[in-house]
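Right, one structure below, let's go through it.
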Amino acid sequence: MSTSYVRTICPFCGVGCGLVLEVRDGEVVRVFGEKEHVLSKGRLCGKGASSIRSLYSKDRIIYPLKRVGDNFITIGYDDAIKEITEKLLDIRDRYGGKSIAIFGGCQNTLEETYIMGKLARFLGSNNVDSCARVCHEPSAMALRETVGIGGSGVSVEEVPRAKVIVIAGESITESHPVLVDYFLEAKRNGAKIIVIDPRVTPTVRLLADMHLQINQGTDIYLFNAVANYLIQSGKYDKEFVESRTKGFEEYREVVRDYSIEDAEKITGIPKDEIVRFAELITTKPTIFSWGLGLSEGGGVNAVRAYLDLMLLTGNVGIDGGGPLVFRGQSNVQGSGDLLKPNRFPNGDINEENARKLAGVWGFEPPLYKGLTVTDTFLRDNDIKAVILFNFNVAHSLPNRDRVIKKLKELELLVVVDAFMNETARYAHYVLPTAMWAEEEGSVVSLDRLIKWRFRAVNPPGDAKPTLQILSDLGAGLGLKIPTDPREVFEEMRRVVPLYGGLDIKEVMDHSANSRFPNRELVLYKDRFLTPDGFAHFRPVRYVDRVRNGLVLITGRVVTHFNTDTLTGRQGLSKLEEVVYINEEDARRLGIRDGDMVKVVSGCGEVIVRARLSRDVKVGHAFMVNSLSITNNVVCDELDEESRIPLYKSTVVNITPIHP
């Protein structure tokens with residue numbers, strides 16, 4: 001009996017914990033935390049501790065499938081690749097490259113994600129995107145234009161040094177449990193933690209010194225009112241603003257219209273709490289952290305208003321202070337860095353960058369702005385063929401009826417996945433892929449740490465590593481693609497400026513600080529990475545929303561992850577199909593705890609059980625996003641700039657169904 005131990009990275013959230021897999025006779029039999037990992041230091045949450053179970057789920061797809069009528073038949077791998085590439089070339093010849101799209105989930109490695117973009121451009125398409133679009137694209141946009149890089153400016157390791165930590169729209173205990181120890185250490189060191197959230201979450205109970213229970217979608221008014229208060233009282237960091245920022249005068253004029261008194265009425269937060277919040281964030285160092293409640297609730301403008309407060313108080317570019325984004329998947333940061341329809345991997349879409357890419361790729365990419373994944377499935381367009389790599393859009397996108405309608409209209413839908421998920425049911429071809437322990441490559445954590453996943457075992461049947469599938473598709477289309485992720489890593493490092501300073505030996509050493517761009521724990525100490533070296537205020541105005549019903553908020557629970565494809569096969573607790581509402585709203589609506597209710601929005605309806613909860617603010621409701629039915633009622637309103645669905649802003653009406 002042979003036994004080996006292989007280091008890898010957890011496939012779940014953006015913390016990117018180090019795992020050690022015990023392999024016995026070619027099978028992973030045990031998983032435990034990697035004590036040497038620079039960030040997780042041996043810690044694991046329940047999802048990571050049970051992560052190997054889904055590898056051996058009996059319903060894994062291990063042979064390629066082809067749709068024939070309403071059924072699927074098995075097909076040889078080489079035959080599937082040949083048929084797919086022939087159909088892709090035919091569609092390109094008939095409709096042009098603009099008719100093809102390639103979208104990737106955020107558990108794909110950096111190397112796989114980079115090659116997806118390269119392959120699409122070879123076909124003449126800039127219609128490339130990732131699941132980063134539907135979580136933190138607003139964060140990346142706002143950060144890039146404000147301070148220079150679309151990622152966290154301060155590392156998790158700096159959390160214990162903070163004196164104040166603001167957590168906006170995030171429940172760490174549910175989404176990023178391993179980080180809790182860092183925040184508890186900060187509290188032991190005397191830090192004050194402020195949580196901004198419409199719900200009383202486990203994070204509020206465990207960590208918060210102050211809870212601002214805000215009305216969903218009013219963050220911009222809160223942040224602008226706080227800014228006006230600090231400016232008028234002279235409590236902002238004038239020296240920092242004058243020496244290191246631009247745009248302050250316009251910002252001051254915009255926020256002048258926002259008062260603490262009106263903020264109390266609009267946000268539902270008592271005036272004295274707003275003032276206390278304003279006073280606390282002038283402390284140095286303060287970390288401004290946030291999750292999906294901000295990005296999916298208010299889009300890019302909500303993040304801009306939040307970052308403006310960070311600049312106003314001078315809390316960036318200092319030890320223990322700055323922006324920290326709670327990215328939700330193991331490579332969502334990297335996916336967002338590399339796979340965008342409006343940017344090349346080396347920068348803006350323009351002739352100069354196209355020529356630079358041609359020098360490495362051997363062909364020039366197209367120059368038009370492509371379609372996002374949300375515009376592809378939620379708006380009218382001429383896309384005819386889509387390849388989805390580990391991206392279950394039929395579950396994760398809102399307005400499911402509209403998504404399914406588009407899936408059915410496609411002339412070619414290829415799903416590359418390990419399981420027959422909701423999206424794969426509509427595919428013309430399903431290619432089985434290796435899972436996280438069966439392939440290797442690098443991933444980027446939520447604080448810019450890049451680490452290598454090492455392969456522990458081989459995939460079953462005809463399942464192939466995603467990079468192998470990309471290479472075989474490329475061969476059929478006329479593009480040579482390496483199958484060694486190390487070779488792709490080096491090419492990517494030459495092409496992508498953000499990753500130019502990486503050293504693969506450091507990336508493979510889980511004990512080393514291998515953060516991009518140059519191993520910084522704290523960015524922007526001397527200079528911002530904007531073109532002119534200054535940070536930029538981006539003033540925005542609050543837009544009131546008319547609400548005739550309850551505002552439905554979606555979010556995570558600790559034992560389930562995103563579309564539940566993996567955690568649903570790990571033997572964890574089963575999800576109950578419920579909607580949580582406040583007791584006061586329930587009384588008004590004639591709903592008792594446990595009643596079956598109809599939840600209706602402008603996009604659809606579901607019947608679920610009602611659970612009464614004081615944790616949900618009056619005027620709001622809550623459903624878990626891992627439930628397959630939730631996006632039947634979440635509507636497809638898109639943020640105008642970032643094109644993220646505003647998942648946490650759908651108005652619903654809830655009525656009891658009495659026998």
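When Rg and the Kirkwood radius Rh are both evaluated on Cα atoms of the stretch 398-452, their ratio Rg/Rh stands at 1.13.
With both labels modelled 7 Å from their Cα along Cα-to-Cβ, the GLU273 to ARG592 distance reads 3.2 nm. Placing R0 at 30 angstrom, the Cβ-Cβ distance between TYR368 and ASP90 gives a FRET efficiency of 0.85 after rounding to 0.05.
Here the 3J(HN,Hα) profile of the stretch 608-619, calculated from phi with Karplus coefficients 6.51, -1.76 and 1.60 at θ = phi - 60°, is 9, 8, 8, 10, 8, 8, 6, 6, 8, 5, 3, x Hz, Gly and Pro shown as x. For the stretch 262-350, a Kirkwood radius taken over Cα pairs fed into Stokes-Einstein (20 °C, viscosity 1.002 mPa s) yields D = 139 µm²/s. Within the stretch 308-442, the percentage of alpha carbon pairs spaced more than 27 angstrom apart rounds to 41%. Within the set LYS163/LYS246; LYS41/LYS118; LYS35/LYS187; LYS238/LYS271, which residue pairs have Cα atoms separated by over 28 Å? Where the Cα-Cα span goes over 28 Å, the pairs concerned are LYS41/LYS118.
Once the mean of 1/r is taken over each pair of separate Cα atoms and inverted, the stretch 489-559 shows a Kirkwood hydrodynamic radius of 17.1 Å. Here's how it looks for SER442: its modeled amide H is under 5 Å from those of LEU110, GLU111, ARG453, which are all 5 or more places away or on a different chain.
Working note: Cα atoms of the stretch 68-155, range along each principal axis, descending, whole Å: 50, 28, 25. Each Cα pair under 8 Å and six or more residues apart adds its separation to the average, and for the stretch 607-659 the resulting relative contact order is 18 percent. Using just its DSSP H runs of length 4 or more, each adding -39500 (n - 2.57), the chain gives a mean residue ellipticity at 222 nm of -9000 deg cm²/dmol after division by all residues.
Annotation for the stretch 1-106: trypsin sites (Lys or Arg not before Pro) lying in DSSP loop with at most 10 further Cβ atoms inside 10 Å of their Cβ are LYS58.
With an 8 Å cut-off on Cα pairs and a minimum separation of 6 or more residues, tell me the relative contact order of the chain in percent. Normalised by residue count, the contact order of the chain is 20 percent. Treating r as the C-beta distance of PHE454 and LYS58 and R0 as 25 Å, the FRET efficiency rounds to 0.45.
Annotation note: trypsin sites (Lys or Arg not before Pro) in the stretch 220-277 located in DSSP loop regions with a Cβ neighbour count of at most 13 within 10 Å are ARG256. Against the longest alpha carbon principal axis of the chain, how many degrees, from 0 to 90 and to the nearest 10, is the axis of helix 485-495 turned? Value to nearest ten degrees: 60. Ellipsoid fit via the Cα gyration tensor, the stretch 359-437: semi-axes of 23, 19, 11 Å, each the root of five times an eigenvalue, largest first. Each semi-axis of the equivalent ellipsoid for the stretch 111-231 is √(5λ) with λ an eigenvalue of the Cα gyration tensor; in descending order they amount to 33, 19, 15 Å. Taking θ as phi - 60° and the Karplus parameters 6.51, -1.76 and 1.60, the scalar couplings of the stretch 12-17 work out to 9, 6, x, 5, x, 5 Hz in sequence order, x denoting glycine and proline. For trypsin sites (Lys or Arg not before Pro), the sites in the stretch 456-552 that DSSP calls loop and that have at most 16 other Cβ atoms within 10 Å are LYS480, ARG519, LYS525, ARG527, ARG541, ARG545, ARG547.
Between HIS620 and VAL551, ASN582, the built amide H atoms are under 5 Å apart, and every one of these is 5 or more places off in sequence or on another chain.
A 1.4 Å probe run over the stretch 1-146, with the rest of the protein chains in place, finds 36 Å² accessible per residue. The angle separating the long axis of helix 219-232 from the principal Cα axis of greatest extent in the chain is about 40 degrees.
The alpha carbons of the stretch 1-77 occupy a box of 51, 35, 19 Å along the principal axes, longest dimension given first. Highest mean first, the peptides 151-161, 579-589 sorted by other C-beta atoms within 10 Å per residue fall in the order 151-161, 579-589. Given a cut-off of under 8 Å on Cα pairs at least six residues apart, what relative contact order in percent is computed for the stretch 183-325? RCO, the stretch 183-325: 26 percent. The residue list ILE629, GLY602, ALA586 was ranked by how far each Cα lies along the charge dipole of the stretch 575-638 toward its positive end, using unit charges on Cβ atoms, and ALA586 comes out on top. Take the Cα radius of gyration of the stretch 414-566 and divide it by 2.2 N^0.38 Å, N being the number of residues; the result is 1.41.
Only Cα sites of the stretch 1-150 enter the Debye sum here, all with the same form factor; the resulting log10 I(q)/I(0) across q = 0.19 1/Å is -1.22, listed in q order.
When its C-alpha radius of gyration is set against 2.2 N^0.38 Å (N residues), the chain gives a value of 0.93. Each Lys or Arg adds one and each Asp or Glu subtracts one; over the other residues with Cβ under 15 Å from the Cβ of ASN189, this totals 0.
The values are calculated or read from the model by the stated rules, or taken from the named source; none is laboratory data. The structure displayed is predicted, hence computed values, not measured ones. Using ideal geometry, Cβ is built from the backbone for each residue, glycine included, and neighbour counts are taken over all protein chains shown. Heads up: the accessible areas ignore ligands, DNA and RNA and are worked out on the full protein's heavy atoms, side chains in. Shrake-Rupley method; radii C 1.70, N 1.55, O 1.52, S 1.80 Å.
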